[in-house]
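So the structure is just underneath, and the comments pick up after that.
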Amino acid sequence: MTINHRAEAEKHLANAAHHLTEHPGDMRIAEVAAAIGQGHAALVRNEEQTARTADLPEALYSLRCRFNDTRALVAHHIAEGLASREKDRWKAAIDLGKALDEAHCNVDDLVDARLTDDGWDPRSAYKTPAGSGGWIGYAAEKAPERDPWASTPDVTAEIPEQVYSVLADRLARALLGDGDGQSVARTLAFALKNAGADLTGEIERRITDLTLGRDPSDPPF
């Protein structure tokens with residue numbers, strides 16, 4: 001049977017107060033009642049602390065998820081600002097990034113990854129707004145080949161099919177692993193995409209094949 005320690009504490013402490021105020025001669029009874037009441041009060045505090053401790057991991061996990069989601073959303077917002085041709089919006093993105101740095105909440109890695117994923121050069125993104133004449137002294141409209149923000153031409157079709165398949169397969173297997181291999185695979189996949197060789201679709205298909213099994217209607221690998 002579960003004991004309601006709060007109720008027991010209140011009962012015994014009230015009993016101690018009763019003997020102290022109405023029966024001063026019963027000092028010993030008051031002391032014993034007070035001691036018992038304090039013991040139950042300590043157990044109440046322990047129960048409350050245990051409950052808070054049990055909820056702590058879940059609360060921390062929820063907080064961590066919200067924190068990571070917030071970082072991703074803020075980084076997306078900054079990346080879009082840096083890719084904007086509107087000078088004020090670009091400046092606002094620069095200022096927000098600096099403010100986050102000063103608050104020890106750096107999101108440059110996420111911003112750079114987003115810019116790279118969208119086909120922009122992160123190094124140029126922080127120097128000048130897109131389309132301005134500040135690009136290496138040339139206006140993008142006059143010298144598009146000097147435009148560091150231009151999307152990288154797709155050269156995926158130029159990769160031999162066998163090489164393309166092997167690369168996608170190895171990257172997919174590495175991404176399903178953990179540790180350094182997974183990190184290297186992500187870096188390599190981003191680098192290939194940034195160079196115009198986007199294997200994302202084939203990698204995703206291979207991951208599906210490796211985790212769920214091949215689609216019988218697909219041609220043999």
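What order, most packed first, do the peptides 120-126, 169-175, 195-201 have when packing is the mean number of other Cβ atoms within 10 Å of each residue?
Numbers: 120-126: 17.4, 169-175: 19.0, 195-201: 15.4.
Going by the mean number of other Cβ atoms within 10 Å, highest first, we get 169-175, 120-126, 195-201.
What are the residues whose amide H is under 5 Å from the amide H of residue 198, where those residues sit 5 or more places off or on another chain and H is modelled from the backbone?
HN-HN under 5 Å from residue 198: 155, 156.
Note down the accessible area of residue 70, probe 1.4 Å, to the nearest 10 Å².
Accessible area of residue 70: about 80 Å².
Compare 6, 71 by solvent-accessible area with a 1.4 Å probe and give them largest first, with all protein chains kept in place.
6, 71
Working with all protein chains in place, sort 207, 94 by solvent-accessible area computed with a 1.4 Å probe, largest first.
On the way: 207 45, 94 25 Å².
So, going from the largest accessible area down, we get 207, 94.
By accessible area of protein heavy atoms, probe 1.4 Å, what ranking do 104, 76 get, highest first?
Numbers: 104 170, 76 60 Å².
Descending accessible area places them as 104, 76.
The values are calculated or read from the model by the stated rules, or taken from the named source; none is laboratory data. Computed from a predicted structure; not experimentally measured. When we count neighbours, we look across all protein chains shown, and the Cβ atoms used for this are built from the backbone with ideal geometry, even at glycine. Accessible surface is based on the protein model in full, side chains and every heavy atom, while ligands, DNA and RNA are left aside. Shrake-Rupley method; radii C 1.70, N 1.55, O 1.52, S 1.80 Å.
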